[in-house]
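The values are calculated or read from the model by the stated rules, or taken from the named source; none is laboratory data. The shown structure was predicted, so the numbers you read here are calculated from the model rather than taken from an experiment. Cβ atoms come from the backbone with ideal geometry, glycine included; neighbour counts cover every protein chain shown.
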Amino acid sequence: MNFVLSGYHQAKREEFRRFARQEIDTGDHYPEANLKKAAQKGYMGLPLPPEWGGGGEDFLTYTILIEELSRVCASTGAIIAVHTSVGTFPLYYFGTEDQKKRYLSGLARGELLGAFALTEAEAGSDAASLSATASRSGDGYILNGCKLFITSGDRADLYTVFATVDRSLGYKGITAFLMEKGTPGLTPGKPEKKMGLNRSNTTEVRMEDLYIPASNRLGEEGSGFSIAMSLLDGGRIGIAAQGLGLAQAVIDYTTAFLKEQEEYSGRETGQYKAFELADLATKLEAARLLVYRAALVKDSGQKCSKEASMAKYYTTDLAMEAATRCIDLCGFPAAGTSNPLTGYFCDAKAPQIYEGTNQIQRLVVSRELLGK
């Protein structure tokens, strides 16, 4: 077993790091320019096959991309992670040849932006309880319902949306559909005012008597729940990579701050602060191994639910812990709203929640261990 990145993966890391540091802006507006630059580099469809416009890279390479982007701008990392893992993969894995011809190349090249519309007010962690309906109508379906907290909900060109054809069937009635931007009856809401990741727009998506032709159904009727669940492992690895980037950025800033404090103030950093930093750096390396292992298991074609959940909850919890502890280490200067640590702290909360809360990740791991 080799715990060192190959020369190829190391070169890709350097490429992604250079791109993130030199090309990614860190303003307070929607990062449209960042997405365009990423598309020009082929980063919007990195793990998709070249014949569909993708980069043909393995999942580990994609994971390193999200890590390096999130180290500079967590919102940009989140948008690209969601676009790729749950915005594009549903079509790639479950779409018909005709559906792929219509949409997949545009998504892979970044000409179209993808979204994943599953969450509802009463169906967050319990996705099987969704209430959006899809009623048969001629050669298609009429959809009604409201989705919440949808990443890129007001910006997406193509949504994978989930609704039930029969509530009495429970999760067996849930069906997936491809829904285009501008479809009559589709109304995205205004971006939510969130604690962090505010450059990544999160909105509700309303569907009122919205007609979708049967040719835009993804998979068979009743297969939507299994489609959604099968995609979450890859999505969780991407969010874990986002946590890695955030935690690394926090530790980088704090290390530089403490070095400067010691050099220019004439005071020792102190053993306590040095040991705190050592603990965080050690946990970060452990987290990186978890995330890369999950990506490698996925690349091998094996089931990776346990590995993905472990990586997701450990790494995103670490990002929040690192931001909290480093604010303490840096003291009063870190408390100002203009200090980077404050931004990292606010950005680190959301990854603990989306793609399945970290409580749900622990449930996944425990069920795997107990054989349930």
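Quick notes on this one:
- Pairs, first over 16 Å from Thr202 (Cα atoms) and among the polar types (S, T, N, Q) in segment 335-355, second modelled with pLDDT under 95 and part of a loop (DSSP other than H, G, I, E, B), C-beta under 8 Å, six or more apart: Thr342/Gly336
- Subset of segment 93-138 (residues that are among the acidic types (Asp, Glu) and modelled with pLDDT of 95 or more): Glu97, Asp98, Glu111
- Pick from segment 311-354, criterion among the polar types (S, T, N, Q) and under 15 Å from Met195 (Cβ atoms), ranking: surrounded by the most Cβ atoms within 10 Å (Cβ to Cβ): Thr316
- Qualifying residue in segment 358-370 (condition: touching a residue at least 60 places away in the same chain (Cβ under 8 Å) and more than 29 Å from Asp126 (Cα to Cα)): no
- Long-range neighbours under 9 Å by Cβ, at least six apart or interchain, first residue without any contact (Cβ under 8 Å) to a residue 12 or more places away in the chain and of a type in the set (A, V, I, L, M, F, W, C) within segment 279-298, second crowded, with 22+ Cβ neighbours inside 10 Å and not in a helix (DSSP H, G or I): Val297/Cys304
- Enumeration of residues in segment 1-26 that are in a loop (DSSP other than H, G, I, E, B) and either surrounded by 12 or more Cβ atoms within 10 Å (Cβ to Cβ) or free of Cβ contacts under 8 Å to residues at least 60 places away in the same chain (or both): Met1, Asn2, Val4, Leu5, Ser6, Ile24, Asp25, Thr26
- Top-ranked residue in segment 200-250 [being among the hydrophobic types (A, V, I, L, M, F, W, C) and surrounded by fewer than 19 Cβ atoms within 10 Å (Cβ to Cβ); ranked as nearest to Thr315 (Cα to Cα)]: Met229
- Taking each residue of segment 35-47 that is surrounded by 24 or more Cβ atoms within 10 Å (Cβ to Cβ) and looking for partners that are of a type in the set (D, E, K, R) with beta-carbon atoms closer than 7 Å, six or more apart or interchain, yields Met44/Arg109; Gly45/Arg109; Leu46/Glu57; Pro47/Glu57; Pro47/Asp58.
- Sole residue being outside the structural domain of Leu48 (by TED's automatic domain parsing), closer than 21 Å to Gly77 by Cα and of a type in the set (Val, Ile, Thr), chosen from Val297, Val291: Val291
- Yes/no for Leu232 being in contact (Cβ under 8 Å) with a residue 24 or more places away in the chain and part of a helix (DSSP H, G or I): yes
- Some residue of segment 180-195 being in contact (Cβ under 8 Å) with a residue 60 or more places away in the chain and either buried (at least 17 other Cβ atoms within 10 Å of the Cβ) or assigned to a strand (DSSP E or B) (or both): no
- Selection status of Glu57, among the acidic types (Asp, Glu), at pLDDT 95 or above and outside any loop (DSSP other than H, G, I, E, B): no
- Test result for Glu68, under 25 Å from Val297 (Cα atoms) and in a loop (DSSP other than H, G, I, E, B): no
- When Arg206, Arg236 are screened for being outside the structural domain of Gly138 (by TED's automatic domain parsing), closer than 28 Å to Lys101 by Cα, within 23 Å of the chain's Cα centre (by Cα) and among the basic types (Lys, Arg), only Arg236 passes.
- The set of residues from segment 355-369 being crowded, with 23+ Cβ neighbours inside 10 Å and in a helix (DSSP H, G or I) comprises just one member, Gln361.
- Residue-level analysis places Tyr253 among those that are hydroxyl-bearing (Ser, Thr, Tyr) and over 27 Å from Val86 (Cβ atoms).
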